[in-house]
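Following: one structure in structure tokens, then a few remarks.
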Ligand SMILES: [Zn+2]
């Protein structure tokens, strides 16, 4: 081998290493962790719930979760799928539990705390608490997720909600990897309803790169705000889109070096003891909240493609 060949090999090796570092999977020295949380159970695409579609997509969504033993918390809207009988609704929640999911409380009718009085909101939480205990038995329900991540537009509301949750044995479930998966899911529902397979595929193809851009954005912001990558908490919805795409989504996280942990394990990390002092009308990622508490302004998140946004905002026929 000539000296120039050796030099070329070294150069190739060097540029490959730089590429791999740039990819991000190797740049992080500690293993990345993510807890998966799924909102709007039993079914996010309910308009109202079609039993066959709901059961089929719930099964599909739970398959990769069960197969890879991915810990998940599913947040239940008490009245969701109310057009089905009580037994059908109970069976749907049982499917989630049999799939290994822990159930959390996501209010009775998905109200927005920015728009309803706190007393009414608290009744909504209690109604779902009672419903869950009546339906699934004496299991502990310990996590609450506020719809739209709105948890108090005034300091007083925020404080009162937190003390209400503590009194009733609840913790608010944080989200770091906040995203607009529901925009893709709405566009996807339209494509399926209109029997447009090519459009559905185009949406599927755009979804994972978008979610990866969200992961990359909050990985970077976590380092900028807290000096390292905290275990992340992902929020996605129990939609037909995620039923189809979850295996690919999980694979994307694996390729970025993630392992899947429970919400409890993620929240045991010191990052989650950073104060969340945000008071306002926005539903923010906890990384933005921690940043604001440390005087670091919010940076704009990656956006979904305009064509997906447009598709989701037109009314469904
Ligand atoms: Zn929700």
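Calculated FRET efficiency, residue 47 to residue 195, Cβ-Cβ distance, R0 = 22 Å: about 0.80 to the nearest 0.05.
Taking Cα atoms only, the orientation of helix 118-136 departs from the longest principal axis of the chain by about 90 degrees. DSSP finds beta bridges in the chain, and of those with both partners inside it, around 0 percent are antiparallel. Restricting the calculation to alpha carbons of segment 63-156 gives Rg and Dmax of 14.3, 44 angstrom. Ordering 112, 40 by the number of other Cβ atoms within 10 Å of each residue's own Cβ, fewest first, gives 112, 40.
P(r) tail, segment 114-255: Cα-Cα pairs separated by more than 27 Å, 41% of all pairs. Put simply, the C-alpha atoms of segment 171-309 give a gyration tensor, and the ellipsoid matching it has half-axes of 29, 16, 13 Å, longest first. Our analysis of segment 30-313 gives Rg over Rh at 0.94, with the two radii drawn from alpha carbon positions and Rh computed by the Kirkwood formula.
Between the Cα long axis of helix 155-167 and the first principal axis of the chain there is an angle of about 80°, rounded to the nearest 10.
When the Kirkwood radius is taken over all Cα pairs of segment 145-229, what Stokes-Einstein diffusion coefficient follows at 10 °C and 1.306 mPa s, in µm²/s?
100
Where only DSSP H runs of four or more residues are counted, the chain gives -17000 deg cm²/dmol as its mean residue ellipticity at 222 nm, each run worth -39500 (n - 2.57). Fewest neighbouring Cβ atoms within 10 Å first, the residues 158, 140 line up as 140, 158. Relative to the dominant Cα principal axis of the chain, helix 197-226 is inclined by about 80°.
The separation of segment 180-254 from segment 59-117, counted between C-alpha centres, amounts to 19 Å.
Here, each number is a calculation from the coordinates, and none is a lab measurement. Keep in mind that this is a model prediction, so the values were computed, not measured. In this analysis, Cβ positions are derived from the backbone assuming ideal geometry, glycine residues included, and neighbour counts consider all displayed protein chains.
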